[in-house]
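Heads up, the thing below is written out as structure tokens.
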Amino acid sequence: MTTMEVQQQRQHLIMSTYNFDYLDELEAEAIHILREVAGQFEKPALLFSGGKDSITLVRLAEKAFRPGKFPFPLVHIDTGHNFEETITYRDQMVERIGEKLIIGSVQESIDQGKVVEQTGKNASRNALQTVTLLDTIAKYQFDACIGGARRDEEKARAKERIFSVRDEFGQWDPKRQRPELWNIYNGKIHKGENIRVFPISNWTELDVWNYIRREKIGLPSIYFSHERDCITRNGQLMAASPFLNMDDEDVVERKQVRFRTVGDMSCTAAVESDATLIDDIISEISASKISERGARMDDKVSEAAMEDRKKGGYF
């Protein structure tokens, strides 16, 4: 056997001892992307909603950068109509990890006259977040914003690349997307532009839950089954709250529910569920025929609701 053959056999033996499962591969890709952001941009930020996807990003950032500090702050665009459990979780998590949190307030945007609060029975602050987000990006001059969007969530999100260019007005143009060959990401931008970065774009909802189970990541309690006062509106179960414009037609019922997504209370619907453990949720999702975003009123406005919002600068 030649020296070259011995080296090849040794290399093959080393590689065959690695035991990567698919979660290891997804994790490695996401960590690589986070480190690319840290290397390519001067003022990145991590958009944090308090939902399972951005919580997963925080865990990935810990793996990418600890024992050092994150090379970016967390940014929460707070509608003022969030679930209380989510805000409590956010504050406790930020204290635990010791990282900087920047809050962009939709209420402040309303008070300043930059946006006008919707009226009517189905009024929501969700769409108003875009103006607050763009103002926050401009104020802190962020050149990259890391988000937890995934391709399997919604068809407009499926169109986006991992490094997604936004113009000087924060707008996304599907025709301006850049090729991403192998693991090469192009972060070059002109002055005023910024990049949205999606490290877990290739993950599915089930991947996220399996990762959360493996990593033993704590979550806001609304993800797990609990009793809650709800009303049925447009075929969706909405949490009864002062943020919903309710009238005499709305009947409040006590339901056993949980939430698959975390968003503004005025547009995030619950699902009836008895899942109190992560294993229960994984079984429930595996059997579900309804997509994760099927419980979001904001995606039902039109066939292209998400794409229209993204073109305007949404997450």
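The values are calculated or read from the model by the stated rules, or taken from the named source; none is laboratory data. All values derive from a computational prediction rather than experimental measurement. Glycine gets a Cβ as well: all are built from the backbone with ideal geometry, and neighbour counts include every protein chain shown. When the accessible area is computed, the model is the full protein with side chains, heavy atoms only, and any ligands, DNA or RNA have been set aside. Shrake-Rupley method; radii C 1.70, N 1.55, O 1.52, S 1.80 Å.
Taken over the range 19-69, the criterion of being among the aromatic types (F, W, Y) and modelled with pLDDT of 95 or more is satisfied by F41, F48, F65. The residue that is most open to solvent (accessible area, probe 1.4 Å), counting only those in the range 239-263 that are over 17 Å from H81 (Cβ atoms) and under 22 Å from the mean Cα position of the chain (by Cα), is R260.
Yes/no per residue for (1) farther than 27 Å from Q107 by Cβ; (2) out of contact with any Asp or Glu (no Cβ under 7 Å at 6 or more places or on another chain); (3) small (G, A, S):
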{"position": "V131", "(1), (2), (3)": "no, yes, no"}
{"position": "L134", "(1), (2), (3)": "no, yes, no"}
{"position": "C145", "(1), (2), (3)": "no, yes, no"}
{"position": "E160", "(1), (2), (3)": "yes, yes, no"}
{"position": "V165", "(1), (2), (3)": "yes, no, no"}
{"position": "E168", "(1), (2), (3)": "no, no, no"}
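On the stretch given as the range 101-132, residues that are outside any helix (DSSP H, G or I), charged (D, E, K, R) and over 18 Å from the mean Cα position of the chain (by Cα) total 3.
Does S266 satisfy being surrounded by 15 or more Cβ atoms within 10 Å (Cβ to Cβ) and under 22 Å from the mean Cα position of the chain (by Cα)? For S266, the condition - surrounded by 15 or more Cβ atoms within 10 Å (Cβ to Cβ) and under 22 Å from the mean Cα position of the chain (by Cα) - is met. For the residues A287, A275, the requirement of being within 27 Å of R151 (Cα to Cα), modelled with pLDDT of 95 or more and either of a type in the set (D, E, K, R) or over 21 Å from the mean Cα position of the chain (by Cα) (or both) singles out A275. Cβ separations smaller than 8 Å between residues 6+ apart or across chains give the following pairs from the range 208-222 residues that are more than 13 Å from D279 (Cα to Cα) and at pLDDT 95 or above to residues that are open to solvent by 10 Å² or more (accessible area, probe 1.4 Å) and polar (S, T, N, Q): P220/T88.
G50 meets the stated requirement of being open to solvent by less than 40 Å² (accessible area, probe 1.4 Å) and either closer than 18 Å to E215 by Cα or aromatic (F, W, Y) (or both). Entry remark, the range 86-109: residues being within 14 Å of D264 (Cβ to Cβ) and surrounded by fewer than 21 Cβ atoms within 10 Å (Cβ to Cβ) number 3 in total. In summary, strands (runs of 3 or more DSSP E) completely within the range 133-223 and bearing 1 or more residues that are among the aromatic types (F, W, Y) and more than 24 Å from D91 (Cβ to Cβ) occur at 163-166. Scanning the range 239-276 for residues that are in contact (Cβ under 8 Å) with a residue 12 or more places away in the chain and farther than 26 Å from L206 by Cα yields a total of 12.
Residue-level check: of (1) farther than 29 Å from C230 by Cα; (2) out of contact with any Asp or Glu (no Cβ under 7 Å at 6 or more places or on another chain), G120 misses just (1). Of all the criteria given as (1) outside any loop (DSSP other than H, G, I, E, B); (2) open to solvent by 20 Å² or more (accessible area, probe 1.4 Å); (3) small (G, A, S), the one not satisfied by G80 is (1). Within the range 21-43, residues that are at negative phi reach partners that are assigned to a helix (DSSP H, G or I) and among the acidic types (D, E) with beta carbons closer than 8 Å, at six or more positions or on different chains, in the pairs Y22/D207; L23/D207; L26/D207.
Every condition in (1) free of Cβ contacts under 8 Å to residues at least 24 places away in the same chain; (2) of a type in the set (G, A, S); (3) open to solvent by less than 20 Å² (accessible area, probe 1.4 Å) is met by G170 except one, and the failing one is (1).
Scanning the range 120-140 for residues that are open to solvent by 30 Å² or more (accessible area, probe 1.4 Å), touching a residue at least 40 places away in the same chain (Cβ under 8 Å) and over 15 Å from G80 (Cβ atoms) yields G120, K121, N122, L134, Y140.
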